[in-house]
Amino acid sequence: MKIIQNILVLVLLSTGLSRVNAQTTSEIASANKAGKNVFLIAYNAPGADLDKAVTIANGARKNLTSTTAVVKMNTTDAANSALVAKYRLAGAPSPLILVLDKKGNPAGGYVLNEATSGKLVDLIPSPKTAEVTDAITNGKSVLLIVYKESMKSKKSIMDNCAIACSQMSNKSVVVKIDLGDKKETKLLQTLKCDLLAKEPVTYTINAAGQVTGTFTGITDVNSLIASAKKAPAKAGGCCPSGAPAGGCK
């Protein structure tokens, strides 16, 4: 089975379905309220495979007990139908282990025969990746700024991005990533950022989760807005593995 790991694709599939109920929803909400990510085990029948999935999820949680929770969800239970729809689990292989971020947004997942504790831990999104995911989930575009504190043009670029968001009636958000942030190492590697860059780089990501522009240095507000509002491409363009594609040039 193919790995289910593209955050933004999963996010887009999960939008528009917010009314959920039942015990599973309460467990997820409680974990998120406590600031925890969730390993959600979706299954359709008890048995050895479910036990294996639980063991793998608990193994991933072993050293992350204060930041993660393990929740099981029976997809055949009518009380979970809204969650099944939200995460597009109807017809999905079972059991399936999904990783949900601290706001309940899907960050990826694995079918049982490809899941390992290490892989699940690796899917836990960084704080900035989660910010991007949440924006896209809520139908907003993103102005993603990669910078260093020492860069002189940093403030002007951030100010322009803030103005752009305001002029888009707050249908866009600014996400800032410091090149020195150790928590964002994986995201920065995915971006293929030049750690020796002299100027900030701004990525525009449309509401469909597609990178629509890359700007080095100061960029005028109108260009940022036009790029962030670009219509979704018919195919491709989605950010791989939960991070914007491309790189700092």
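The values are calculated or read from the model by the stated rules, or taken from the named source; none is laboratory data. Values in this document were obtained by computation on a predicted structure and should not be read as measured data. Virtual Cβ from ideal backbone geometry, glycine too; neighbours counted across all protein chains shown. Keep in mind that these areas ignore ligands, DNA and RNA; they rest on the heavy atoms of the full protein, side chains included. Shrake-Rupley method; radii C 1.70, N 1.55, O 1.52, S 1.80 Å.
Just a few scattered comments:
- So Glu149, is it in contact (Cβ under 8 Å) with a residue 12 or more places away in the chain, among the acidic types (Asp, Glu) and farther than 30 Å from Leu50 by Cα: yes
- Taking first residues from segment 217-231 that are surrounded by 15 or more Cβ atoms within 10 Å (Cβ to Cβ) and partners that are part of a helix (DSSP H, G or I) and of a type in the set (Val, Ile, Thr), the Cβ contacts under 9 Å between residues at least 6 apart in sequence or on separate chains come to Thr219/Ile157; Val221/Ile163; Leu224/Ile163.
- Qualifying residue in segment 165-179 (condition: in contact with an Asp or Glu (Cβ under 6 Å, 6 or more places away or on another chain) and in contact (Cβ under 8 Å) with a residue 40 or more places away in the chain): yes
- Residue that is surrounded by the most Cβ atoms within 10 Å (Cβ to Cβ) [pool: residues in segment 29-71 that are assigned to a strand (DSSP E or B) and of a type in the set (A, V, I, L, M, F, W, C)]: Phe39
Per-residue answers, yes or no, for (1) open to solvent by 50 Å² or more (accessible area, probe 1.4 Å); (2) part of a strand (DSSP E or B):
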site: Leu143; (1), (2): no, yes
site: Glu149; (1), (2): yes, no
site: Val174; (1), (2): no, yes
site: Lys186; (1), (2): yes, no
site: Thr190; (1), (2): no, no
site: Cys193; (1), (2): no, no
site: Tyr203; (1), (2): no, yes
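- Enumeration of residues in segment 72-91 that are outside any loop (DSSP other than H, G, I, E, B) and under 9 Å from Ala42 (Cα atoms): Lys72, Met73, Asn74, Val84
- Where Tyr110 falls short, out of the listed (1) assigned to a helix (DSSP H, G or I); (2) over 15 Å from the mean Cα position of the chain (by Cα); (3) modelled with pLDDT of 95 or more: (1)
- Answer residue from segment 113-138, given it is part of a loop (DSSP other than H, G, I, E, B) and not β-branched (Val, Ile, Thr) and is most open to solvent (accessible area, probe 1.4 Å) among those: Asn138
- Residues that are of a type in the set (Lys, Arg) and crowded, with 20+ Cβ neighbours inside 10 Å within segment 72-86 comprise just one, Lys86.
- Where Ile97 falls short, out of the listed (1) without any contact (Cβ under 8 Å) to a residue 24 or more places away in the chain; (2) outside any loop (DSSP other than H, G, I, E, B); (3) not acidic (Asp, Glu): (1)
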